[in-house]
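Peer 1: After the structure tokens below, expect a handful of questions from me.
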């Protein structure tokens, strides 16, 4: 996408190496003429944003923009995630919506489900296979995480701790919870949704992209996401002798086709530098409207 919002072709590649640039030699042929051209492809750097709240709604030229910095509270007093969910109920009447998920490293899947239900009017039928490991260790780690959380008010932490304790009474404790998944049922979406994403877009934010992309009229703009969808409910602990901090997940999510995109992420429909994607998609919307 160029500066004016026109869709163009551009040379690029995915790389599994931590390189800022990739040298490449092109062989250009036209009739009997051959030209060898050396170029370098440069990495699309994720957008840096200072996040003072989970969510902000604003409009540019009457285009609604949902800047979703996180899918959970950023501080205990931050209630903007509730506004994000509440706004979903009115957005389906809009012709076009931009959802900005650049730099969003995830949060609570419940907020994804609530927003989807508010926007579509139907409950989200999750077609991802999921199961959780519930043992004394995983429950203690989860309790420790919520007791030390600084971005949740005390009443929310108390509710979460009570929910965690109930797993000790489940028939499958200790062990894996029963596998859960259903068939996804799309709805007829008439709102043009443009989702901005970059390499920092992760976890619950990727699940929001995954399910919205199953609807009509949804276009992904930016770069591939982080690829952090295989595990969830991440807890951390410090090893007693080395003092090394480790992260431990006790929930697993698998596509029904068993295709693992960890590290690769979800690919966009249109590749655009994250720092330029908002202005370019606004110009594109104005051009095609």
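Peer 1: Can we say residue 270 is at pLDDT 95 or above and surrounded by fewer than 19 Cβ atoms within 10 Å (Cβ to Cβ)?
Peer 2: On the way: at pLDDT 95 or above: yes; surrounded by fewer than 19 Cβ atoms within 10 Å (Cβ to Cβ): yes.
Spelling it out, residue 270 is indeed at pLDDT 95 or above and surrounded by fewer than 19 Cβ atoms within 10 Å (Cβ to Cβ).
Peer 1: Quickly run through region 74-86 and pick out the residues that are over 8 Å from residue 118 (Cβ atoms) and assigned to a helix (DSSP H, G or I).
Peer 2: Once the filter is applied, which keeps residues that are over 8 Å from residue 118 (Cβ atoms) and assigned to a helix (DSSP H, G or I), region 74-86 yields 80, 81, 82, 83, 84.
Peer 1: Do we find a residue being within 22 Å of residue 108 (Cβ to Cβ) and free of Cβ contacts under 8 Å to residues at least 60 places away in the same chain anywhere in region 182-195? So that I can check it myself, show each step before the final result.
Peer 2: Taking region 182-195 and keeping what is within 22 Å of residue 108 (Cβ to Cβ), we get 182, 184, 193, 195.
Keeping just the survivors that are free of Cβ contacts under 8 Å to residues at least 60 places away in the same chain gives 182, 184.
Looking through region 182-195, at least one residue is within 22 Å of residue 108 (Cβ to Cβ) and free of Cβ contacts under 8 Å to residues at least 60 places away in the same chain.
Peer 1: Can I ask one more? Can you find a residue that is at pLDDT below 90, surrounded by fewer than 18 Cβ atoms within 10 Å (Cβ to Cβ) and under 20 Å from residue 108 (Cα atoms) anywhere in region 216-233?
Peer 2: Yes, there is a match, as at least one residue in region 216-233 is at pLDDT below 90, surrounded by fewer than 18 Cβ atoms within 10 Å (Cβ to Cβ) and under 20 Å from residue 108 (Cα atoms).
Peer 1: When you check residue 63 against the structure, is it under 21 Å from residue 270 (Cα atoms), touching a residue at least 24 places away in the same chain (Cβ under 8 Å) and over 20 Å from the mean Cα position of the chain (by Cα), yes or no?
Peer 2: Working: under 21 Å from residue 270 (Cα atoms): yes; touching a residue at least 24 places away in the same chain (Cβ under 8 Å): yes; over 20 Å from the mean Cα position of the chain (by Cα): yes.
It is true that residue 63 is under 21 Å from residue 270 (Cα atoms), touching a residue at least 24 places away in the same chain (Cβ under 8 Å) and over 20 Å from the mean Cα position of the chain (by Cα).
Peer 1: Does residue 103 satisfy being on the phi > 0 side of the Ramachandran plot, crowded, with 19+ Cβ neighbours inside 10 Å and part of a loop (DSSP other than H, G, I, E, B)?
Peer 2: Judged against the criteria, residue 103 is a match.
Peer 1: I've got another one for you. Can you tell me which of 94, 89 is within 27 Å of residue 289 (Cα to Cα), assigned to a loop (DSSP other than H, G, I, E, B) and over 17 Å from the mean Cα position of the chain (by Cα)? Give the derivation first.
Peer 2: On the way: 89 fails: assigned to a loop (DSSP other than H, G, I, E, B).
Within the list 94, 89, the selection yields 94.
Peer 1: Can you find a residue in region 193-212 that is touching a strand residue (DSSP E or B) at 6+ places or on another chain (Cβ under 7 Å) and surrounded by fewer than 19 Cβ atoms within 10 Å (Cβ to Cβ)?
Peer 2: No, region 193-212 contains no residue that is touching a strand residue (DSSP E or B) at 6+ places or on another chain (Cβ under 7 Å) and surrounded by fewer than 19 Cβ atoms within 10 Å (Cβ to Cβ).
Peer 1: In addition: With respect to residue 81, is the statement that it is farther than 22 Å from residue 268 by Cβ and crowded, with 18+ Cβ neighbours inside 10 Å true?
Peer 2: On the way: farther than 22 Å from residue 268 by Cβ: yes; crowded, with 18+ Cβ neighbours inside 10 Å: yes.
When the stated conditions are applied, residue 81 passes them.
Peer 1: Report every pair of residues separated by at least 6 positions or lying on different chains whose Cβ atoms are under 6 Å apart, first residue within region 83-104 and over 16 Å from residue 190 (Cβ atoms), second surrounded by fewer than 17 Cβ atoms within 10 Å (Cβ to Cβ) and modelled with pLDDT under 95.
Peer 2: 103/49
Peer 1: Looking at region 123-144, which of its residues are touching a helix residue (DSSP H, G or I) at 6+ places or on another chain (Cβ under 9 Å) and assigned to a helix (DSSP H, G or I)?
Peer 2: Hits for region 123-144 are 136, 138, 139, 142, 143.
Peer 1: Then there is this: Filter region 254-267 for residues that are closer than 16 Å to residue 213 by Cβ and either surrounded by 11 or more Cβ atoms within 10 Å (Cβ to Cβ) or touching a helix residue (DSSP H, G or I) at 6+ places or on another chain (Cβ under 6 Å) (or both) and give the result. It would help to see each step written out before you state the result.
Peer 2: Of all residues in region 254-267, those closer than 16 Å to residue 213 by Cβ come to 255-257, 259, 261, 264-267.
Of everything in region 254-267, those that are closer than 16 Å to residue 213 by Cβ and either surrounded by 11 or more Cβ atoms within 10 Å (Cβ to Cβ) or touching a helix residue (DSSP H, G or I) at 6+ places or on another chain (Cβ under 6 Å) (or both) turn out to be 255, 256, 261, 264, 265, 266, 267.
Peer 1: Only one residue in 213, 200, 123 is within 25 Å of the chain's Cα centre (by Cα) and free of Cβ contacts under 8 Å to residues at least 12 places away in the same chain. Which one? If you could, list the steps in order and put the result at the bottom.
Peer 2: Working: 213 fails: free of Cβ contacts under 8 Å to residues at least 12 places away in the same chain; 200 fails: free of Cβ contacts under 8 Å to residues at least 12 places away in the same chain.
Just a single option satisfies the conditions, and that option is 123.
Peer 1: Next up: Output the number of residues of region 52-61 satisfying the condition of being assigned to a loop (DSSP other than H, G, I, E, B) and surrounded by 10 or more Cβ atoms within 10 Å (Cβ to Cβ).
Peer 2: As a first pass, look at region 52-61 and keep what is assigned to a loop (DSSP other than H, G, I, E, B): 52-54, 61.
With the extra rule that they be surrounded by 10 or more Cβ atoms within 10 Å (Cβ to Cβ), the set shrinks to 52-54.
Qualifying residue count, region 52-61: 3.
Peer 1: Now for a separate question. Quick one: which residue in 272, 218 is without any contact (Cβ under 8 Å) to a residue 60 or more places away in the chain and over 14 Å from the mean Cα position of the chain (by Cα)? Show your work before the answer.
Peer 2: Working: 272 fails: without any contact (Cβ under 8 Å) to a residue 60 or more places away in the chain.
Among 272, 218, only 218 is without any contact (Cβ under 8 Å) to a residue 60 or more places away in the chain and over 14 Å from the mean Cα position of the chain (by Cα).
Peer 1: If the Cβ limit is 8 Å and pairs must be 6+ apart or interchain, which residue in region 144-163 that is closer than 12 Å to residue 77 by Cβ pairs with which residue that is at pLDDT 90 or above and loosely packed, with under 13 Cβ neighbours inside 10 Å?
Peer 2: 153/77
Peer 1: Oh, and also: Restricting attention to region 1-51, report how many residues are part of a loop (DSSP other than H, G, I, E, B), in contact with a strand residue (DSSP E or B) (Cβ under 9 Å, 6 or more places away or on another chain) and over 24 Å from residue 101 (Cα atoms).
Peer 2: 1
Peer 1: Name the single residue, out of those in region 106-120 being in contact with a strand residue (DSSP E or B) (Cβ under 7 Å, 6 or more places away or on another chain) and under 12 Å from residue 85 (Cα atoms), that is surrounded by the most Cβ atoms within 10 Å (Cβ to Cβ).
Peer 2: Step one: of region 106-120, the residues in contact with a strand residue (DSSP E or B) (Cβ under 7 Å, 6 or more places away or on another chain) are 106-108, 111-112.
Next cut, under 12 Å from residue 85 (Cα atoms) only: 111-112.
Numbers: 111: 22, 112: 24.
Here the answer is 112.
The values are calculated or read from the model by the stated rules, or taken from the named source; none is laboratory data. Not measured: the values here are computed from a predicted model. Note: ideal-geometry Cβ built from the backbone for every residue, glycine included; neighbour counts use all protein chains shown.
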